[in-house]
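Worksheet: one structure, shown below.
The values are calculated or read from the model by the stated rules, or taken from the named source; none is laboratory data. This one's a predicted model, so the numbers in the text were calculated from it and none came from an experiment. With ideal geometry, Cβ positions are generated from the backbone for all residues, glycine too; neighbour counts draw on all protein chains shown.
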Amino acid sequence: MARLLSLLTSVLAIGIGIVTLIGLLSGVGIFAGTTNLFLQLTMITVAVTILIGILNLFGVHTRRILKRQRGWVYSIVLLASALVVIILRLLGADDANMALLEGVQVSIESAFAGLLLFALVYGAYRLMRQRVTWTGTLFTLVLIIILLGALPFAEAGAVVQVRAWLLAVPVSAGARGILLGIALATVVTGIRVLIGQERSYRE
Amino acid sequence: MDSTIQVLTTVIIVFALAITVLATQVARRRRDSIPLRVVPAYEAIPILVGAAIEADRPVMVSFGSAGLGGSSTLLALASAELFYQVARRAAIGVTSPVLTVSDPSALPLGYGTLRRAYESRGRIERLRENSVRWYPSGPRSLAFAAALMTMMGDDRIAGGILFGSYGVELALVLDASARRRLPSIAASDQLEGQAVAWVLAEQSLIGEEMFVAGAYLGDSATQFGSTIALDTLRWALILALITASVLVLQQPVIEAINQFLGGG
């Protein structure tokens, strides 16, 4: 019975996937209408997962508090904050909600964004300290040229030109190469899903 | 969609389909005779999981903002395959791995993957209910990064595998990991995240390497076939790019040579 159910769900998933692909490629006709319906159903299902997320959040942190696990005080703060936001939303106090968002979350995230610079610079330093390879050396050299080239000094004309060339040619080519690789891998993974080779179909 | 793009997309999909089917058949018959190139990050994962089992501490796997239903759906599936391989290895230990996601649509995927991994080892009773966790992220995922940073200490994490969609916020997590002297393996589909991973993580995966976890860590012939197909398609793309470049540069180069030789 379990195998039959698995087979049915696999056939259904593969069938919907192929119809959606044809609909997206053709863009017209009966397939396009069906594709739109499937996409809408997907969006609704994805929206429902937010409820699962909230249940997960409350479940994980309630358990942490009850078991007095390390950091349980932070879990109390988290649950209390979540409850306050939900209650404010239910009461229709959108202004208070926005004030909380702007005053607390955005401020804290901005502070974190400020820390990013130090994490990155320290990371580059650590890269050279731990493993002096030719790629690491090249990385540091390019990093210095890019930083120097961004400085507003008229004397640094040559550095500015080198920086512009680096960004336009090797950096751009490398970035496109990586993105092309990801795109190819995405196509192959998609095909694996469409022809039923994905692990979730088999187990 | 423009008709040219429609035709091109169809050609690419049909070509990739043919290569994938063919490569899977080849992989089923002659798997041992085709070696995979060495990817250090995949070699480090079993060592990391083994060390975590010995220390009785959990491995943290994170999908970042990869989730189902959007442009990162296939990345989420690739991340789930890696998580399956990690969880399957970790299932022989006492402590189950911890999966963190910031997209709630990845939660059911994570639960299902973890359950299948433990079932495959016959140790479903060992599964901890709070092993899959959702940390809601703000607009820049910095809240998610902050959650991972604190989790490393609170849950006594043995090491982190950050495998999914991340931007520069990955730097904060990897920096915290390095300060705690925890091993880290990172990969992202975003360029900023990849750059940060390369600099700050102990091991990193670049580009399409993220999508071949099943072939490197598992024993499935179909996964192996996909890797061969991917390599074939990559070489086909390289050849196409070189051919296009030669065709574009052919005329100006001939003109330049003629001019040099005094013909023009």
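Just to check your reading of the model, which residue among B:ALA195, B:ALA178 is without any contact (Cβ under 8 Å) to a residue 24 or more places away in the chain and over 24 Å from B:PRO46 (Cβ atoms)?
B:ALA195
Taking B:SER33 and the conditions (1) touching a residue at least 12 places away in the same chain (Cβ under 8 Å); (2) over 23 Å from B:LEU170 (Cα atoms), which numbered condition does it fall short on, given that it satisfies the others?
The single condition B:SER33 does not satisfy is (1).
Within the range A:58-81, is even one residue in contact (Cβ under 8 Å) with a residue 40 or more places away in the chain, surrounded by fewer than 15 Cβ atoms within 10 Å (Cβ to Cβ), of a type outside the set (Phe, Trp, Tyr) and in a helix (DSSP H, G or I)?
Within the range A:58-81 (the criterion being in contact (Cβ under 8 Å) with a residue 40 or more places away in the chain, surrounded by fewer than 15 Cβ atoms within 10 Å (Cβ to Cβ), of a type outside the set (Phe, Trp, Tyr) and in a helix (DSSP H, G or I)), the answer is no, since none of the residues qualifies.
Give the residues of the range B:181-192 that are in contact (Cβ under 8 Å) with a residue 60 or more places away in the chain and within 11 Å of chain A (Cβ to nearest Cβ), sorted by residue number.
If the condition is that a residue be in contact (Cβ under 8 Å) with a residue 60 or more places away in the chain and within 11 Å of chain A (Cβ to nearest Cβ), then B:ALA187, B:SER188, B:ASP189 are the ones that fit.
Which one of these is farther than 21 Å from A:ARG176 by Cα, at pLDDT 90 or above, touching a helix residue (DSSP H, G or I) at 6+ places or on another chain (Cβ under 7 Å) and at the interface with another protein chain (Cβ under 7 Å from one of its Cβ atoms): B:ALA229, B:ALA176, B:ALA171?
Residue meeting the stated conditions: B:ALA171.
So B:GLY64 passes all but one of these: (1) free of Cβ contacts under 8 Å to residues at least 40 places away in the same chain; (2) at positive phi. Which condition number does it fail?
(1)
Might you let me know whether the range A:14-37 holds any residue that is within 19 Å of B:LEU107 (Cβ to Cβ), surrounded by fewer than 16 Cβ atoms within 10 Å (Cβ to Cβ) and within 29 Å of the chain's Cα centre (by Cα)?
The answer is no; no qualifying residue exists.
Can you tell me which of A:ILE44, A:ILE65, A:ILE76, A:ILE86 is among the β-branched types (Val, Ile, Thr), touching a Ser or Thr at 6+ places or on another chain (Cβ under 7 Å) and more than 9 Å from chain B (Cβ to nearest Cβ)?
Only one candidate qualifies: A:ILE65.
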